[in-house]
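Enquirer: A single structure is presented below for examination.
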Amino acid sequence: MFLGLAIVALLIFIYGTLAVKLGRWSITMPMIFMTAGFLLGPGVSSVLPLSFEAEGMKTLTEVTLAVLLFADASTLDLRQLRHDKALTARLLGIGMPLTMLLGTAVFFGLLPGEGLAFAALLGIILAPTDAALGLPIFNDPKVPVRIRRALNVESGLNDGIATPFVLLFLSLATAGQAHAHEGWLVTALLEIMFALLVGAVVGIGGGWLLSKAADRGWSSGISQQLAIFGLALAAFFGSLMIDGNGFIAAFSGGIIFSAATGNRFSEPAEFTENAGTLLSLLVWGIFGGIAVPKALLYSSDWRPFACAVLSLTAVRMLPVALAMRRTGLRSDTIALMGWFGPRGLASVVFSLLAVMTLQEAGRPTDLLIATATWTILLSVLAHGLSAKPLSAWYSRRLAKAVGPLPELQELSELRERSNILRGVHRK
């Protein structure tokens, strides 16, 4: 085991050393650590004893997502969107619900034997997007600010929005299999309510205390970083303590903290984002070590692969096209926005947690593992490799366009974020 951990540590060093060079070759962090997990895990060399039952596996994946949910919510200044809320509102208010509904319909049509609750759970798990897998699009100044910021905000908020729906349908899928009492919905709703309560207490109380301390000079920039990281963990574990959902508490706590403090601590909050990113290296390795081998063993069934292809194309692109109707955007702009819906860490964590929960309830998980894994694996490769050339292609087409374009509406850039993954691919 120590050999495997030493190799992982060395890979972190190598990636940190060569990140910019690797980014120019469209080699992303998930590609590297997912591959490392696969090679070091039980499917190949067994250097690392990875399994769904391993002690601490569930806690690590949960804490990673909770920290990133709090960070995304607390570092994003929604006030900057007040002059152009339309695209983001359409993506989150129309595109995302349609994506979940269409995904549910597609998965139920291809996997009818698993039931509607299972199809809905899978559709929601694979709905959130991850900006980290398409960095050349988000970092290319030749791509209009309006388009980049809409996709950026979407990716920062849709995983938090998806969380309560994952909880509800996971509870339904588990209750249906285990013949649980009819109060599953009440139990799930109570978890959400308790989580929102904890998020409000952490966001308002923590924001007030930190603001007062900062005003009196009782805290420094470095100590504020630690304080905000502690708030993220407090929201997560505090919610679990009273049987609430830790993810919802972290996400709502981050939003409320940002609102309560006027987003004044956005820079110190980036420490929490970077800490979550470092933890995500391990989660990608776990995913590669235990989920990818299981998906490969299940490769004789064509349905998970078909679900994955449809999820990355029609299930994402059609809802985005419908959401962007009557906006005046060019067809290539809408196609680009639809294509760049990469599935990343949120889908990984939701998948791992769903598998662990369903296994505890005695429900088969092969189809869920295979479908989610193929979707994420294809997304990592397809979106990672296509981001740079498609960004250049789109920029050239836009440069040749004539007349006023709604894409080119003058807007200020969102505040630059120093996340270690958002910065490593810049020229």
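Enquirer: Just need a number here: residues in the range 40-78 that are in a helix (DSSP H, G or I) and in contact with a helix residue (DSSP H, G or I) (Cβ under 8 Å, 6 or more places away or on another chain).
Expert: At the first step, the residues of the range 40-78 found to be in a helix (DSSP H, G or I) are 40, 57-75, 78.
Restricting the remaining residues to those that are in contact with a helix residue (DSSP H, G or I) (Cβ under 8 Å, 6 or more places away or on another chain) gives 40, 57-58, 60-75, 78.
Result for the range 40-78: 20.
Enquirer: Out of all the residues in the range 277-285, is one or more at pLDDT 90 or above and small (Gly, Ala, Ser)?
Expert: Checked the range 277-285: at least one residue is at pLDDT 90 or above and small (Gly, Ala, Ser).
Enquirer: Step by step: first the residues of the range 122-152, then only those that are in contact with a Phe, Trp or Tyr (Cβ under 7 Å, 6 or more places away or on another chain) and either at pLDDT 95 or above or β-branched (Val, Ile, Thr) (or both), then the one that is farthest from ALA370 (Cα to Cα). Which residue is that?
Expert: Initially, the range 122-152 is screened for residues in contact with a Phe, Trp or Tyr (Cβ under 7 Å, 6 or more places away or on another chain), giving 122-125, 131, 134, 137, 143, 148, 151-152.
Applying the additional criterion that residues be either at pLDDT 95 or above or β-branched (Val, Ile, Thr) (or both) yields 122-125, 137, 143.
On the way: LEU122: 11, GLY123: 14, ILE124: 16, ILE125: 13, ILE137: 29, VAL143: 35 Å.
Checking each candidate, the answer is VAL143.
Enquirer: Assuming ASP243 fulfils every condition listed in (1) modelled with pLDDT under 95; (2) at negative phi apart from one, which condition is it?
Expert: Only one criterion in (1) modelled with pLDDT under 95; (2) at negative phi is unmet by ASP243, namely (2).
Enquirer: Which of (1) modelled with pLDDT under 90; (2) within 23 Å of LEU281 (Cα to Cα) does GLN177 not meet, given it meets every other one?
Expert: Failed condition: (2).
Enquirer: Does any residue in the range 374-389 that is over 15 Å from PHE33 (Cα atoms) and crowded, with 24+ Cβ neighbours inside 10 Å come within less than 7 Å, Cβ to Cβ, of a residue that is at pLDDT 90 or above and of a type in the set (S, T, N, Q) six or more places away or on a different chain, and which pairs are these?
Expert: What qualifies is THR375/SER311.
Enquirer: Quick one: would you say PHE194 is under 25 Å from THR64 (Cβ atoms), touching a Gly at 6+ places or on another chain (Cβ under 7 Å) and among the aromatic types (Phe, Trp, Tyr)?
Expert: On the way: under 25 Å from THR64 (Cβ atoms): yes; touching a Gly at 6+ places or on another chain (Cβ under 7 Å): yes; among the aromatic types (Phe, Trp, Tyr): yes.
Against the criterion (under 25 Å from THR64 (Cβ atoms), touching a Gly at 6+ places or on another chain (Cβ under 7 Å) and among the aromatic types (Phe, Trp, Tyr)), PHE194 qualifies.
Enquirer: When only residues in the range 4-35 that are among the small types (Gly, Ala, Ser) and out of contact with any Lys or Arg (no Cβ under 7 Å at 6 or more places or on another chain) count, which is modelled with the lowest pLDDT? Write out each step before concluding.
Expert: Keep residues of the range 4-35 that are among the small types (Gly, Ala, Ser), which gives 4, 6, 9, 16, 19, 23, 26.
Okay, now just the ones that are also out of contact with any Lys or Arg (no Cβ under 7 Å at 6 or more places or on another chain), so 4, 6, 9, 16, 19, 23.
Numbers: GLY4: 87, ALA6: 94, ALA9: 93, GLY16: 90, ALA19: 87, GLY23: 81.
Taking the candidates together, the pick is GLY23.
Enquirer: From the list PHE38, PHE52, which one is within 17 Å of LEU352 (Cβ to Cβ), in contact with a Ser or Thr (Cβ under 9 Å, 6 or more places away or on another chain) and either surrounded by 12 or more Cβ atoms within 10 Å (Cβ to Cβ) or modelled with pLDDT of 95 or more (or both)?
Expert: Values: PHE38 fails: in contact with a Ser or Thr (Cβ under 9 Å, 6 or more places away or on another chain).
None of the others qualify; the one that does is PHE52.
Enquirer: For the range 245-274, which residues satisfy the criterion of being closer than 15 Å to GLY160 by Cβ and over 19 Å from the mean Cα position of the chain (by Cα)?
Expert: Of everything in the range 245-274, those that are closer than 15 Å to GLY160 by Cβ and over 19 Å from the mean Cα position of the chain (by Cα) turn out to be ILE256, PHE257, SER258, ALA259.
Enquirer: Considering the range 286-330 alone, what residues qualify as being at pLDDT below 95 and hydroxyl-bearing (Ser, Thr, Tyr)?
Expert: TYR298, SER299, SER300, THR327
Enquirer: To continue, here is another question. Among the residues of the range 81-91, which ones are assigned to a helix (DSSP H, G or I) and under 21 Å from ALA321 (Cβ atoms)? Let's see the steps before the verdict.
Expert: Taking the range 81-91 first, the residues assigned to a helix (DSSP H, G or I) are 81, 86-91.
Passing the criteria: ALA86, LEU87, THR88, ALA89, ARG90, LEU91.
The values are calculated or read from the model by the stated rules, or taken from the named source; none is laboratory data. Since the structure is predicted, the reported quantities are computational estimates derived from the model, not experimental observations. Reconstructed Cβ throughout: ideal geometry from the backbone, glycine too, with neighbour counts over all protein chains shown.
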